[in-house]
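Undergrad: Have a look at this one before I ask anything.
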Amino acid sequence: MDSDQELAYDYSPRFRIYKNGQIQRLVAETFVPPSPTPQNGVVSKDAVYSPEKNLSLRIYLPHQTLETSEENNKKKKKLPLLVYFHGGAFIMETAFSPAYNTFLTSTVSAAGCIAFSVDYRRSPEHPIPIPYEDSWDAVKWIFTHVAGSGPEDWVNDHADFRRVFVAGDSAGANIAHHMAIRAGEENGSIKISGLTLFHPFFFSRAILEEQEDGVRRYMKGIWEIASQNSEKGVEDPWINVVGSDLSGLECGRVLVMVAGKDVLAREGRVYAEKLEECGWGGRVEVVETEGEDHVFHIRNPDSDNARLLVQRFAEFIRQVCCDDNVRK
């Protein structure tokens, strides 16, 4: 066998990486089309946010909001705006997969918001920091609608840029955190009300040393695949988030979701502790789902705990919006 065709990483049954850099994704990637017909009371459409890179996002909107606006153009209801980043270790999944289409539809139905599910280029073909750069391009594209004159009418008509939420699961939670940090560096041009991290993909050498050999090799290998150009390995600030300065986070409220059986749960809790200690000045809450593992709500969306998690997320959005209205 040609040495280039030899395996470098074998993460069966999910994917294999060969020494020539090629990836074989072993899980079928199904594209779910957007739905102009209501699904759970929600309609959706796709929009290109980066023509140069051929990158799109999916917009979800409660159908009742759209119907009401069509009946009376003078009353276009403004809704909280959610920007969501999918997980998959920077390597798997897309914004248009069945799992994320189901999750975003459920979330929009429960929270009554307009949501954007962002697709970004993945590793190893596009290593870190490319997924972050793509995600920031998506955020900037969404904010081109802030004056009501952007390219998408749904966003112009229904997105309330005074109530912006950023969220994601696993690697997507990692991206969501870095988007909130980046927003804090933009001198107020992008305002975020709340950040929700589902089972965030944060770790460092310290957490890896606590794990069994198999888990340690698995996690270290995943990061090596995702960040081929990193010189700091697992101490890279992209992944060692809790070792970084968190004080510049651009939002006033953070909700961290962790799962009791998830090896990454410790870092989620430590992240919340660091936020409270760093002088950030906002409010952070940790919600733990006992007896569940990493991203259980994506893998098993019909479980009771998954439904409770969606409801808790929706409550967070409503509560932050309510608090903001009181302050105004």
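The values are calculated or read from the model by the stated rules, or taken from the named source; none is laboratory data. Since the model is a prediction, treat every value here as computed from it, not as a measurement. Glycine gets a Cβ as well: all are built from the backbone with ideal geometry, and neighbour counts include every protein chain shown. What goes into the accessible areas is simple: the full protein's heavy atoms, side chains included, and nothing from ligands, DNA or RNA. Shrake-Rupley method; radii C 1.70, N 1.55, O 1.52, S 1.80 Å.
Undergrad: Hey, among the residues in segment 192-224 that are free of Cβ contacts under 8 Å to residues at least 12 places away in the same chain and among the basic types (Lys, Arg), which one's surrounded by the most Cβ atoms within 10 Å (Cβ to Cβ)?
TA: My answer is Arg216.
Undergrad: Oh, and also: For segment 169-191, which residues satisfy the criterion of being open to solvent by less than 50 Å² (accessible area, probe 1.4 Å) and at positive phi?
TA: Taking segment 169-191 first, the residues open to solvent by less than 50 Å² (accessible area, probe 1.4 Å) are 169-181, 183-184, 188, 190.
Hits for segment 169-191 are Ser170, Gly188.
Undergrad: Would you please name the residue that is nearest to Leu66 (Cα to Cα), looking only at residues in segment 1-54 that are aliphatic (A, V, I, L, M) and assigned to a loop (DSSP other than H, G, I, E, B)? Give the steps one after another, and end with the answer.
TA: We begin by selecting, within segment 1-54, every residue aliphatic (A, V, I, L, M); these are 1, 7-8, 17, 23, 26-28, 32, 42-43, 47-48.
When the remaining residues are screened for being assigned to a loop (DSSP other than H, G, I, E, B), the result is 1, 26-28, 32.
On the way: Met1: 58, Leu26: 39, Val27: 36, Ala28: 34, Val32: 21 Å.
Here the answer is Val32.
Undergrad: Can you tell me which residue is modelled with the lowest pLDDT among those in segment 234-261 that are part of a helix (DSSP H, G or I) and open to solvent by less than 30 Å² (accessible area, probe 1.4 Å)? Talk me through it step by step, then tell me what you get.
TA: Let us first name the residues in segment 234-261 that are part of a helix (DSSP H, G or I), namely 234-235, 241-243.
From what's left, open to solvent by less than 30 Å² (accessible area, probe 1.4 Å): 234, 241-242.
Numbers: Val234: 89, Val241: 96, Val242: 93.
By that ranking, first place goes to Val234.
Undergrad: Something else about it: Residues being open to solvent by 50 Å² or more (accessible area, probe 1.4 Å) and not β-branched (Val, Ile, Thr): count how many of those fall in segment 262-278. Quick ask: steps written out before the conclusion?
TA: First, pick out the residues of segment 262-278 that are open to solvent by 50 Å² or more (accessible area, probe 1.4 Å): 263, 266, 269, 273-274, 276-277.
From the residues that got through so far, the ones that are not β-branched (Val, Ile, Thr) too are 266, 269, 273-274, 276-277.
Going through segment 262-278 one residue at a time, the tally reaches 6.
Undergrad: Might you let me know whether segment 104-114 holds any residue that is among the aliphatic types (A, V, I, L, M), touching a residue at least 40 places away in the same chain (Cβ under 8 Å), within 30 Å of Gln228 (Cβ to Cβ) and open to solvent by 10 Å² or more (accessible area, probe 1.4 Å)?
TA: The answer is no, given that none of the residues of segment 104-114 is among the aliphatic types (A, V, I, L, M), touching a residue at least 40 places away in the same chain (Cβ under 8 Å), within 30 Å of Gln228 (Cβ to Cβ) and open to solvent by 10 Å² or more (accessible area, probe 1.4 Å).
Undergrad: Looking at Gly281, is it open to solvent by 10 Å² or more (accessible area, probe 1.4 Å) and either small (Gly, Ala, Ser) or touching a Pro at 6+ places or on another chain (Cβ under 9 Å) (or both)?
TA: Working: open to solvent by 10 Å² or more (accessible area, probe 1.4 Å): yes; either small (Gly, Ala, Ser) or touching a Pro at 6+ places or on another chain (Cβ under 9 Å) (or both): yes.
Judged against the criteria, Gly281 is a match.
Undergrad: With respect to Arg299, is the statement that it is within 16 Å of the chain's Cα centre (by Cα), surrounded by fewer than 16 Cβ atoms within 10 Å (Cβ to Cβ) and farther than 20 Å from Lys191 by Cα true?
TA: Numbers: within 16 Å of the chain's Cα centre (by Cα): yes; surrounded by fewer than 16 Cβ atoms within 10 Å (Cβ to Cβ): yes; farther than 20 Å from Lys191 by Cα: yes.
Judged against the criteria, Arg299 is a match.
Undergrad: Another question, if that's okay. Please determine whether any residue of segment 168-178 is in a strand (DSSP E or B), among the aliphatic types (A, V, I, L, M) and within 25 Å of Glu285 (Cα to Cα). Outline the logic, then answer.
TA: From segment 168-178, those in a strand (DSSP E or B) are 168-169; that's our starting set.
Applying the additional criterion that residues be among the aliphatic types (A, V, I, L, M) yields none.
Scanning segment 168-178, I find no residue that is in a strand (DSSP E or B), among the aliphatic types (A, V, I, L, M) and within 25 Å of Glu285 (Cα to Cα), so the answer is no.
Undergrad: Give the residues of segment 94-125 that are farther than 21 Å from Tyr49 by Cβ and either of a type in the set (Ser, Thr, Tyr) or part of a helix (DSSP H, G or I) (or both), sorted by residue number. Please lay out each step first, then the result.
TA: First, pick out the residues of segment 94-125 that are farther than 21 Å from Tyr49 by Cβ: 98-99, 102, 106, 109-112, 124.
Across segment 94-125, the qualifying residues are Pro98, Ala99, Thr102, Ser106, Ser109, Ala110, Ala111.
Undergrad: Those residues that are over 21 Å from the mean Cα position of the chain (by Cα), of a type in the set (Val, Ile, Thr) and loosely packed, with under 12 Cβ neighbours inside 10 Å, I need them from segment 22-37; list them, please.
TA: Result: Thr37, single match.
Undergrad: Taking segment 138-156 as the search range and keeping residues that are open to solvent by 40 Å² or more (accessible area, probe 1.4 Å) and part of a helix (DSSP H, G or I), which one is farthest from Ser227 (Cα to Cα)?
TA: Selected residue: Asp153.
Undergrad: I'd like to check something: does segment 91-102 contain any residue that is touching a helix residue (DSSP H, G or I) at 6+ places or on another chain (Cβ under 7 Å), open to solvent by less than 40 Å² (accessible area, probe 1.4 Å) and under 24 Å from Cys321 (Cα atoms)?
TA: No, because not a single residue in segment 91-102 is touching a helix residue (DSSP H, G or I) at 6+ places or on another chain (Cβ under 7 Å), open to solvent by less than 40 Å² (accessible area, probe 1.4 Å) and under 24 Å from Cys321 (Cα atoms).
Undergrad: One residue is enough: does segment 61-78 have a residue meeting the conditions crowded, with 22+ Cβ neighbours inside 10 Å and modelled with pLDDT of 95 or more?
TA: Checked segment 61-78: at least one residue is crowded, with 22+ Cβ neighbours inside 10 Å and modelled with pLDDT of 95 or more.
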